[in-house]
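Report on the structure given below.
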Amino acid sequence: MMPPRTLASAAAREPDPSRRNNLSLLTSLVHHHGVLSRAQLTRHTGLNRSTVGTLIGQLVTLGLVYETAPAGEGQVGRPSPNVHPSPSVAALAVNPEVDAVTIGLVSLGGKVQKKIRFDTERIPSAREAVNIASAVIAGMRSELDTSYRITGIGMAVPGLVNRDDGVVRHAPHLGWRNEPVARMLSEATGYPCQAANDASLGAEAELIFGAGAGQGNLIYLNGGASGIGGGIISDGQLLRGASGYAGEIGHTFVRSGGKSCHCGATGCLETEVSQSRLLELAGLSRGDTADLEKALATSSSAEVNDEVARQLMFLDIALRNAVNIFNPEAIVLDGFLGTLYALAPESVDGVLLSQAMDGPAGQVKIYRAALGSDLMMIGAAELAFTPFLADPAGLGTTTRTAPAAG
């Protein structure tokens, strides 16, 4: 079996650390912005025009970016070409949930090229999730080998994940404990794989590509079939904590005498604010956010309206606490939490202004996530893009290993 195409030839590897760092900077800027002119890249980097031109020429030769003529008329002076990320450089993304495993193909620039959702009849074990993902990826091999150069696989898992080794320490909704899923998927596919908490990856994706772009301090909350996860961006960096588990706002205490939670505590946010309860009342069997939002918005049921109000009350408590503790510029709500907010935005904003501390409350704005159903694919893919972006030319010598037998 032939290995997939490498990102570049070994001869293209750049040994000079300063040039490697500059190539990394330029590639990252193009990846995160989608398209930038040479003039904009010169301003962003602080490098001179000739250096930027030389570096872009090398990236074009490596096949990592391409240039187009500038759009528009009447430009003064020499026109500055636009630099685009190559769509042939891509990462694979995997997101296991309680009812499905989703596999995506995301090209440089954060563009989702393909997304396949494999519904499961029961909660998948770690091995089952890996088998599903590897089988789907195997089915894509012909396309991957002929049309793409793959940097690796990123896996977004709803649970506590050690980013350093890709081991899922505890994913309560999935029932996983101490599962080395990154190693398992790498061995099954031959691609390098990394894993991390899904909500943390969502926070980073929204910071780079979505509603949080330009915000240095951000709280991201996602609600779905696997509960509520969170990610905290502080001064532009993901807040990881001592072991990488920071941001579990779904386990914020919001109700005395509340229900027992999977984590072992009682009264957690995700036990009181639940997608499954809303789906049940709306008469829906699956968690499609658009369908749920339409059903809740058009319902005349007093029971539905009371439940929405009840869940919003507990969400307000969690958001008030988060605003007081982290002083964010923005809160990004995703999944069914975005739906709840859309049903009564003035109510949520009013609670924050009236009950959170004056300073933090006056600074924060609440947004719905901008990346929609593609968010987890984009966030997971960013894990696989990160090593490549650190050394674009150097990864040209990386090849896919043969998958483990069986």
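Those strands (runs of 3 or more DSSP E) of segment 78-173 in which at least 3 residues are among the β-branched types (Val, Ile, Thr), considering only elements entirely within it, cover 100-107, 149-157.
Tell me whether segment 295-303 contains one or more residues that are at negative phi, surrounded by 16 or more Cβ atoms within 10 Å (Cβ to Cβ) and touching a residue at least 40 places away in the same chain (Cβ under 8 Å). Within segment 295-303 (the criterion being at negative phi, surrounded by 16 or more Cβ atoms within 10 Å (Cβ to Cβ) and touching a residue at least 40 places away in the same chain (Cβ under 8 Å)), the answer is yes, since at least one residue qualifies.
Conditions tested, residue by residue: (1) surrounded by fewer than 23 Cβ atoms within 10 Å (Cβ to Cβ); (2) within 18 Å of Ile228 (Cα to Cα); (3) in contact with a His (Cβ under 9 Å, 6 or more places away or on another chain).
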site	(1), (2), (3)
Asp99	yes, yes, no
Leu105	no, no, no
Ala135	yes, no, no
Ala138	yes, no, no
Arg141	yes, no, no
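Of all residues in segment 204-220, those satisfying the criterion of being buried (at least 24 other Cβ atoms within 10 Å of the Cβ), touching a residue at least 40 places away in the same chain (Cβ under 8 Å) and under 13 Å from Pro328 (Cα atoms) are Gly212, Leu218, Ile219, Tyr220. Quick check on segment 166-183. Is at least one of its residues in contact with a strand residue (DSSP E or B) (Cβ under 7 Å, 6 or more places away or on another chain), within 19 Å of Met377 (Cβ to Cβ) and not aliphatic (A, V, I, L, M)? Among the residues of segment 166-183, at least one is in contact with a strand residue (DSSP E or B) (Cβ under 7 Å, 6 or more places away or on another chain), within 19 Å of Met377 (Cβ to Cβ) and not aliphatic (A, V, I, L, M), which makes the answer yes.
Comparison of Val98, Val89 shows that the only residue that is under 25 Å from the mean Cα position of the chain (by Cα), within 21 Å of Met184 (Cα to Cα) and not charged (D, E, K, R) is Val98. Within the set Ala384, Ala380, Ala393, the sole residue that is over 21 Å from the mean Cα position of the chain (by Cα), assigned by TED's automatic domain parsing to the domain that holds Leu23 and buried (at least 19 other Cβ atoms within 10 Å of the Cβ) turns out to be Ala393. Annotation note: of Tyr191, Tyr220, the sole residue that is assigned to a strand (DSSP E or B) and of a type in the set (Ser, Thr, Tyr) is Tyr220. Of all residues in segment 180-201, at least one satisfies being buried (at least 23 other Cβ atoms within 10 Å of the Cβ) and in contact with a Phe, Trp or Tyr (Cβ under 7 Å, 6 or more places away or on another chain).
The values are calculated or read from the model by the stated rules, or taken from the named source; none is laboratory data. Keep in mind that this is a model prediction, so the values were computed, not measured. Positions of Cβ are generated from backbone atoms using ideal geometry, with glycine treated the same way; all protein chains shown enter the neighbour counts.
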